[in-house]
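For reference, the structure is listed below as structure tokens.
Where a number appears in this text, it was derived from the coordinates with a stated rule and is not lab data. Model, not experiment: these values are computed from the prediction. Note: ideal-geometry Cβ built from the backbone for every residue, glycine included; neighbour counts use all protein chains shown.
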Amino acid sequence: MNCCDLTPAHVRAIAPYLPGKPISELARELGLAEADIVKLASNENPLGPSPLALAAAQDALYDMALYPDGAGFALKAKLAGKCGVDASQIVLGNGSNDVLDMAARAFLAAGTSAVYAQHAFAVYPIATQTAGAQGIAVPARNYGHDLAAMGAAIRDDTRVLWIANPNNPTGTFLPWLEVEAFLDTVPPHVLVVLDEAYGEFLPHAERCDTTAWLARFPNLLIVRTFSKAYGLAGLRVGYGLGNAAVIDLLNRVRHPFNVNAPALAAAEAALDDVDFLARSYALNAAGMAQLAAGLSALGVDGVPSRGNFLLAKVGDAARINTELLKRGVIVRPVANYGLPEFLRVSVGLAGQNARFLDVLKACL
Ligand SMILES: *Cc1c(COP(=O)(O)O)cnc(C)c1O
């Protein structure tokens, strides 16, 4: 018996997260130039970062010998103003995945359970299992969350219920009124984690100030990220908004100095770059329309999406994915999400979207 044989069964049962293939890796494999590869696989911002964020991160590098502000005072102050909450209601994360993991470690343990939807973000089962809790996957409705069924799946030992709205990888979206009505029915012993990673891509008419719900729902944790619309995926910074008692528990399991100094500085600057955010939104809306029209012209069904990505029903997705890779196009297979006929395509620049559509046409 060695140490690996003795790992807890719940750790060995975890299906590791499958990231998008890095451009450098495919370039090595194919002997292609990195510039000839298009990656539409990780919902990254095709505009790159905001120039203000880039400059702030560069400045912060001069202080890299020093620990960052472990409390993230300046970023929290700015977020508090923007979100209309007190700084004590904010926790910062090394990406929002860090916040999701903190929620699992603070609220879950062996003997408890967590509810999530089939086809929901892969980190929910991973974080749940890592904490030793049992995951309860609830069958999807039209690829999205079936809130009534998720509510019915709650048990006495359930401590967390995960919701992504919009959801990744399906792009499905529940009108906020439905989510709000659902929250009214969730018993207080269950923390609802509302993951809004793609909130900035919602059309304005479909947005909602969910932070206003915190006063009514002490068991609500809202999670947001700088990785998508703000273009800071590589720096790793996100945050959670909740009532002070929930945030206090998350801070107990949070790693000290979990958000690095360039990330803190870039996030702060990114919040000021309203113009960049508007450009991200507009580019995504145009690219989504381009992809949807292009897929439809090829006779490929897509799942309507409110994110910065789209599920395309290509049939034998494993084969098509291999063909796309050979031609230098990286998208995301989602068989591990129970969607073996689909590929998930992130919205890129107009030229990247066109290249994907062209290459897909050749592969079908
Ligand atoms: C991309 C994504 C996140 C963000 O992850 P980060 O750790 O902030 O980069 C969170 N939730 C969902 C559903 C996502 O798709």
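Sticking to Cα atoms, compute the Rg of the chain to one decimal and its Dmax as the biggest Cα-Cα distance, whole number, in Å.
20.4, 59
Which whole-Hz couplings ³J(HN,Hα) result when phi for each residue of region 138-150 is put into the Karplus expression 6.51 cos²θ - 1.76 cosθ + 1.60, θ = phi - 60°, listed in order with x for Gly and Pro?
9, x, 6, 10, 6, 6, x, 6, 9, 4, 4, 5, 5
For VAL138, which sequence-distant residues (separation of 5 or more, or a different chain) have an amide H within less than 5 Å of its own amide H, given hydrogens modelled in the peptide plane?
Correct list: TYR116, ALA117, GLN118.
Over the C-alpha atoms of region 66-106, what are the Rg and the largest Cα-to-Cα span, Dmax, in Å?
11.2, 31
Relative contact order (percent) for region 215-364, with alpha-carbon contacts under 8 angstrom and 6 or more residues of separation?
It rounds to 17 percent for region 215-364.
Based on the mean of other beta carbon atoms within 10 Å per residue, what is the order of 168-177, 279-288, most packed first?
168-177, 279-288
Binning at 10 angstrom from zero up to the longest distance, how are the C-alpha pair distances of region 89-243 distributed in percent?
11, 44, 39, 6, 0
If you take every residue apart from GLY72 with its C-beta less than 11 Å away from the C-beta of GLY72, what net charge results, scoring Lys and Arg +1 and Asp and Glu -1?
Net of charged neighbours comes to +1.
Divide by every residue of the chain the summed helix terms, -39500 (n - 2.57) for each DSSP H run of at least 4, and state the resulting mean residue ellipticity at 222 nm, rounded to the nearest 500 deg cm²/dmol.
After summing the helix terms and dividing by residue count, I get -11500 deg cm²/dmol.
Under 5 Å between amide H atoms, partner at least 5 residues away or on a different chain: which partners does LYS39 have, H built in plane at 1.01 Å?
For LYS39, the qualifying residues are ILE330.
How large is ³J(HN,Hα) for each residue in region 8-22, as worked out from phi by the Karplus curve 6.51 cos²θ - 1.76 cosθ + 1.60 (θ = phi - 60°), to whole Hz, x for Gly and Pro?
With coefficients 6.51, -1.76 and 1.60, one gets x, 4, 5, 6, 5, 7, 6, 8, x, 4, 9, x, x, 5, x Hz.
Rounded to a whole number, what is D in µm²/s for region 165-220 from Stokes-Einstein with the Kirkwood radius over alpha-carbon pairs (10 °C, 1.306 mPa s)?
131
Give me the net charge of PHE201's neighbourhood, meaning all other residues with Cβ under 9 Å from the Cβ of PHE201; Lys, Arg count +1, Asp, Glu -1.
+1
Determine the equivalent ellipsoid of region 17-86 by diagonalising the alpha-carbon gyration tensor, then write out the semi-axes as square roots of 5 times the eigenvalues, largest first, rounded to whole Å.
Its equivalent ellipsoid spans semi-axes of 34, 17, 13 Å.
Report Rg (one decimal) and Dmax (nearest whole number) for region 26-175, counting Cα atoms only, units Å.
Values for region 26-175 (Cα only, Rg and Dmax): 19.6, 55 Å.
Quick one: which residues, 5+ away or cross-chain, put their amide H under 5 Å from the amide H of THR158? H built at 1.01 Å from N.
For THR158, the qualifying residues are SER113.
Under 25 Å between alpha carbons, and skipping anything fewer than 8 positions from LYS82 in its own chain: which lysines qualify?
Hits, sequence-local ones excluded: LYS228.
Using only Cα atoms, locate the centre of region 287-364 and the centre of region 32-68, then give the distance between them in Å, rounded to an integer.
Computed from Cα coordinates, the inter-centre distance equals 25 Å.
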